[in-house]
Amino acid sequence: MMLPRIVSVNISKGGIPKIPVPSVKLTAAGLDGDGHNHAKHYSPLQAVCIQDLEQLKALSRDGYTLGPGQAGENLTVENLDVNRLPLGTVLRFSGGVILEISKVRKPCYVMDAISPQLKTDAVDRHGMYAQVIAGGFLSTGETISIGG
């Protein structure tokens, strides 16, 4: 089995899509250069949004065109199955960053820009939020270990 890894690191000045970057500094407040259109998203419990590439592909098969960053996630990952991880799960990245899964990401009206139906179809497949335990740099290609 392939190790979980970062496929894409994504930021934007606010809203969707978020644009892939090779590497970015991460602090407790989130990713440098990443903005939010809504104050509710400025929370240490929502510092990083993580989404599975496999779910983006499944939603694309359902008729939505979604690639890394297009659903507004900061980290597009593969082989992690993030929506099945319980709250409190610790993720250790090969570059030294440590995150803790803190909140289920619920689809909101921002997804209407892609399709109003996406809010319904993405429930339980829209990724998770994480808080920062140890900051540093996140880069495309890093592997992820669970727990410990």
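The values are calculated or read from the model by the stated rules, or taken from the named source; none is laboratory data. From a predicted model like this one, the values you see are computed outputs, not experimental measurements. Note: ideal-geometry Cβ built from the backbone for every residue, glycine included; neighbour counts use all protein chains shown.
Looking at L75, is it within 15 Å of L53 (Cβ to Cβ), buried (at least 21 other Cβ atoms within 10 Å of the Cβ) and not hydroxyl-bearing (S, T, Y)? Quick ask: steps written out before the conclusion?
Values: within 15 Å of L53 (Cβ to Cβ): yes; buried (at least 21 other Cβ atoms within 10 Å of the Cβ): yes; not hydroxyl-bearing (S, T, Y): yes.
It is true that L75 is within 15 Å of L53 (Cβ to Cβ), buried (at least 21 other Cβ atoms within 10 Å of the Cβ) and not hydroxyl-bearing (S, T, Y).
Kindly indicate whether S139 is touching a Gly at 6+ places or on another chain (Cβ under 8 Å) and at pLDDT 95 or above. Working first, answer last.
On the way: touching a Gly at 6+ places or on another chain (Cβ under 8 Å): yes; at pLDDT 95 or above: yes.
In short, yes.
Only one of these is at pLDDT below 95, buried (at least 19 other Cβ atoms within 10 Å of the Cβ) and farther than 14 Å from P17 by Cα: L91, L99, L118, L80. Name it.
Working: L91 fails: at pLDDT below 95; L99 fails: at pLDDT below 95; L80 fails: at pLDDT below 95.
On inspection, the qualifying residue turns out to be L118.
Output the residues belonging to region 100-130 that are in a loop (DSSP other than H, G, I, E, B) and closer than 29 Å to A28 by Cβ.
Those that are in a loop (DSSP other than H, G, I, E, B) and closer than 29 Å to A28 by Cβ: R105, K106, P107, C108, A122, V123, D124, R125, H126, G127.
Name the single residue that is surrounded by the most Cβ atoms within 10 Å (Cβ to Cβ) among those in region 57-72 being among the aliphatic types (A, V, I, L, M) and in contact (Cβ under 8 Å) with a residue 60 or more places away in the chain. Let's see the steps before the verdict.
Our first condition is that a residue be among the aliphatic types (A, V, I, L, M); within region 57-72, this holds for 58-59, 66, 71.
Of the ones still in play, those that are also in contact (Cβ under 8 Å) with a residue 60 or more places away in the chain are 58-59.
On the way: A58: 15, L59: 22.
Top of the filtered list is L59.
Are any residues in region 120-144 closer than 13 Å to D62 by Cα and of a type outside the set (S, T, Y), and if so, which ones?
Listed by number, the residues that qualify are D121, A122, R125.
Quick check on region 76-97. Is at least one of its residues among the hydroxyl-bearing types (S, T, Y) and in a strand (DSSP E or B)?
yes
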